[in-house]
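In what follows, a single structure is set out as structure tokens and then discussed.
Quick note: the coordinates plus some simple rules give every number you see, no bench work behind them. These numbers come from a predicted model, not from an experiment. Note that we place each Cβ from the backbone using ideal geometry, even for glycine, and neighbour counts take in every protein chain shown.
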Amino acid sequence: MVGFDDLPVTRWVSPPLTTIRQPLAEMGRTAAHMLGDLIDGVPLRSRRVELSTELIVRESTATAVPAD
């Protein structure tokens, strides 16, 4: 099982939940920059911005077992 957002509780549930961590601070900075550009009348270079995420592996996902 895999969750999303890496909420603090995901570390403490049993088993600890594997999750996807989003770059929240970078998302906020990017959105603020885009908003500032719009306020200044500068057209957006793109309406879509892709930021990296990180897979945090915990015990809710099993290690692959090699086939015989």
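Sites listed here are trypsin sites (Lys or Arg not before Pro) in the chain whose DSSP assignment is loop and whose Cβ has at most 11 other Cβ atoms within 10 Å: Arg45, Arg47, Arg48. So what does the Cα-only Debye profile of the chain read at q = 0.15, 0.17, 0.25 Å⁻¹, as log10 I(q)/I(0), no solvent term? The Cα Debye sum returns log10 ratios of -0.64, -0.72, -1.03.
Entry note, the chain: the mean residue ellipticity at 222 nm calculated from DSSP H runs of n ≥ 4, each adding -39500 (n - 2.57), is -8000 deg cm²/dmol after division by the residues and rounding to the nearest 500. Rounded to the nearest whole Hz, the Karplus-based 3J(HN,Hα) values (6.51 cos²θ - 1.76 cosθ + 1.60, θ = phi - 60°) of the range 19-30 follow the sequence 8, 9, 9, 9, x, 4, 5, 5, 4, x, 4, 5, with x at glycine and proline. Please give the FRET efficiency for His33 paired with Thr61, using the beta carbon to beta carbon distance and R0 = 30 Å, rounded to the nearest 0.05. Efficiency for this residue pair is about 0.30.
Put a dot 7 Å past the Cα of Val42, heading toward its Cβ, do the same for Val13, and the two dots end up 4.1 nm apart. Largest GNM mean-square fluctuation among Leu51, Leu38, Leu17, using the chain with Cα springs under 10 Å: Leu38. Sequence-distant contacts, meaning Cα pairs under 8 Å at least 6 residues apart, place the relative contact order of the chain at 42 percent.
Distances between placed amide hydrogens fall under 5 Å for Arg58 paired with Thr18, Thr19, all partners being 5 or more residues away or on another chain.
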